[in-house]
Each structure stands twice: as structure tokens, then as C-alpha cells.
Amino acid sequence: MTYPRKSLLLAVVLFLVTPVPIASASIPSASAPVPEICPQLRPLIKEVGLPPVFLKIAYRESRCQRKAVGWNYRRGSGPSDCKSVPFRDYLQSCGKHIRSFDSGYWQVNSSWVSVTKAICGKTPREGALFNAKCNARVAKYLYENGGLNHWRASSGS
């Protein structure tokens, strides 16, 4: 009766020490190229003088979408209080529920009215921050006047 136990033990040991080939496709090599984040923005951030970390910020903030908008509703209000319509119509029809909004690649807040107007010639409510160069230039101003603190994680309050 000891024979089956020994063969079972031998089988388990052989199983544990036998190398198993691993398909190279399932584990990426350390030298595998990493996909570039927001490659379309690289020339723009170089042109306006923003550091490369702004590619990651654009991805995190807007998923590299020029017309991204993040609505900040007043306490007690939310998207259900507003009908889904284009940006300018949304501002008019839902204005009493909106505290502010973040727009463009770097989700610049609409409270930066005078800065946006001085840099771009239009206000955030006029859609200025949907212009890629305007959004980048305002982001650069914010970066030069507060660093990356303008893009820190917050509780939303």
C-alpha cells in the first residue's frame, strides 16, 4: 500500500520542479514600448512651454478630449435637474444649478474669467477653453502661478 503513496508523492514533486514554458505574448517584456499618452498634444505643450507631465494631466482630466466638460453643480442640484443639450444651451437652461464648470484638455475652471479673457480674448462661458491653444495657454498661466496645485485631487467641495 505504500507504493501508490510514493508514486503520488513523486508525481507531485516532479510536477512542482518541472519548468513550464510561458508564452511570451502573455507577459510584456520590460523593453516593450509603452503607448504614448495624448500624442496629439505633444507639439502644443512644447509650443506653449508646458512640461511633459501635462500629457498625463490631459489624459487624467479629459481623456485627451478637447471638448470635455465637467459640470460642478450647486449643493442639492445635479445632472437630473438639467436636460441634455449642447454646451451653450446647457449653460442657459441649467444655469441656476451650475456653480462652475471645467473645460478643455486640462479642465480649466470657469472661475478663471479674467485670466481666460486676457489670454484668449473670450470667456469660458463663450467656449474659449475648447480652443486647444487657449486651454494650453491658460493652463501654462495657472502652472506658472501655483504649479501643479491647480490639478491636485480634491473632494469636489
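The values are calculated or read from the model by the stated rules, or taken from the named source; none is laboratory data. This structure is a prediction, so every number in the text was calculated from the model and none was measured. Cβ placement follows ideal geometry from the backbone for every residue including glycine, while neighbour counts extend to all protein chains displayed.
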Would it be correct to say that K140 is farther than 18 Å from V53 by Cα and either within 18 Å of the chain's Cα centre (by Cα) or outside any strand (DSSP E or B) (or both)?
no
Before we move on, is R137 charged (D, E, K, R) and farther than 25 Å from P79 by Cα?
yes
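Among the helices (runs of 4 or more DSSP H) lying completely within the stretch 9-106, list those that include at least 3 residues that are at pLDDT 95 or above. Please lay out each step first, then the result.
Details: elements: 42-48, 53-62, 87-94.
Ranges flagged: 42-48, 53-62.
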Residue by residue through the stretch 108-134, note down the ones that are farther than 22 Å from E47 by Cα, of a type in the set (S, T, N, Q) and surrounded by fewer than 17 Cβ atoms within 10 Å (Cβ to Cβ).
S111, S114, T123
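Taking only the stretch 66-98 into account, find how many residues are within 14 Å of F130 (Cβ to Cβ) and out of contact with any helix residue (DSSP H, G or I) (no Cβ under 9 Å at 6 or more places or on another chain).
Taking the stretch 66-98 first, the residues within 14 Å of F130 (Cβ to Cβ) are 66-70, 86-88, 90-91.
Those still in the list that are out of contact with any helix residue (DSSP H, G or I) (no Cβ under 9 Å at 6 or more places or on another chain) too: 86, 90.
Of the residues in that region, 2 qualify.
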Residue hits (the stretch 76-99; over 19 Å from P124 (Cα atoms) and either in contact (Cβ under 8 Å) with a residue 12 or more places away in the chain or surrounded by 15 or more Cβ atoms within 10 Å (Cβ to Cβ) (or both)) are S77, G78, D81, C82
